[in-house]
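K.L.:
Submitted below is the structure of interest, expressed as structure tokens.
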Amino acid sequence: MVDRRSVRMDILEIMTHIPHRYPMLLVDRILEFEPGRRIVGLKNVSGNEPYFAGHFPGHPVMPGVMIIEAMVQVGGVLASLLPGAERKLAYFAAIDRCRFRRPVRPGDQLITEVVVTRVRDRVGKMRGTGRVDGEVVADGVFTYSMVSLEEMRQGVIAGRIVNLEEAENDPV
């Protein structure tokens, strides 16, 4: 049996599980994965991120909503791999008990661990924790809702989640 904790995903494989693209794709790599239970993802925080130009000039700090979004995207990869999630997409639905403990700055590596706490048909909950250099920077409990790709006029083409209307009009 394969030890799934050592499974790693690069950005190309991540994009087969969630529809986000630059500049909103905030997961660079999956470092660990335990099916149906837990996932660990990495975001390299670059000084070139577009939000640093205004948040804050001379004192760049990653916005809290972007930290949460990075954590939720890691959870989205995990949700996409749950039993029954085939051809479905996890939508972020709610956040509870979110806390920010210290700033995230350019040059940091945001490591997010997400653990499934409840799964019910189309809705579930996960607990996410973001760390930089082993220190907790943010945590919270996220609720997600599963939606079929067909309902959203999206599909998987060449291993990527795409808008079907755009794909039909693309001459490539």
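The values are calculated or read from the model by the stated rules, or taken from the named source; none is laboratory data. Computed from a prediction, not measured in an experiment: that's the story for all the values here. Glycine also receives a Cβ, built like all others from the backbone with ideal geometry; neighbour counts cover every protein chain displayed. Areas reflect the complete protein model, heavy atoms only, side chains present, ligands, DNA and RNA absent. Shrake-Rupley method; radii C 1.70, N 1.55, O 1.52, S 1.80 Å.
K.L.:
If each of residue 21 and residue 157 carries a label point 7 Å out from its Cα toward its Cβ, how far apart are those two points in nm?
P.N.:
1.1
K.L.:
Any idea what the dipole of region 17-57 comes to, in debye rounded to 20, about its Cα centre with Lys/Arg Cβ at +1 and Asp/Glu Cβ at -1?
P.N.:
Dipole magnitude for region 17-57 comes out near 100 debye.
K.L.:
Moving to a separate point now. Go through region 113-128 residue by residue and turn each phi into a ³J(HN,Hα) via Karplus (6.51, -1.76, 1.60, θ = phi - 60°); whole Hz please, and just put x for glycine and proline.
P.N.:
Those phi angles translate into 10, 10, 10, 5, 10, 7, 9, 9, 6, 9, 10, x, 10, 9, 9, x Hz.
K.L.:
Okay, next question. Work out from phi, with θ = phi - 60° and the Karplus expression 6.51 cos²θ - 1.76 cosθ + 1.60, the ³J(HN,Hα) of each residue of region 85-92, listed in order in whole Hz, and give x for Gly and Pro.
P.N.:
Running phi through 6.51 cos²θ - 1.76 cosθ + 1.60 with θ = phi - 60° gives 8, 4, 6, 10, 10, 8, 9, 5 Hz.
K.L.:
In addition: Helix 64-80 against the longest principal axis of the chain: what's the angle in degrees, Cα atoms only, rounded to the nearest 10?
P.N.:
Orientation of helix 64-80: about 30 degrees from the principal axis.
K.L.:
Can you list residues whose amide H is under 5 Å from residue 91's amide H, if they're 5+ apart or on another chain and H is modeled 1.01 Å from N?
P.N.:
145, 146, 147
K.L.:
Report, by chain and number, residues whose modeled amide H sits under 5 Å from the one on residue 28, excluding near sequence neighbours (fewer than 5 apart, same chain).
P.N.:
Placed amide hydrogens put 42, 43, 44 under 5 Å from residue 28.
K.L.:
Using θ = phi - 60° and the Karplus form 6.51 cos²θ - 1.76 cosθ + 1.60, what ³J(HN,Hα) does each residue of region 10-27 get, whole Hz, x for Gly and Pro?
P.N.:
8, 5, 5, 6, 4, 5, 7, 10, 9, x, 5, 9, 3, x, 9, 7, 10, 10
K.L.:
Then there's this: Could you state the accessible area per residue of the chain in Å², with a 1.4 Å probe and every protein chain left in place?
P.N.:
Result: 55 Å² of accessible area for each residue.
K.L.:
Let me ask another. Over all directions, what mean area does the Cα convex hull of region 60-122 project, stated in square nanometres?
P.N.:
5.1
K.L.:
Right, here's the next one. Between residue 7 and residues 5 or more places away or on another chain, which pairs have amide H atoms under 5 Å apart, with H built 1.01 Å from N, and which residues are they?
P.N.:
Amide H neighbours of residue 7: 33.
K.L.:
Also: At a 1.4 Å probe radius, carbon and sulfur cover how many percent of the accessible area of region 11-52?
P.N.:
56
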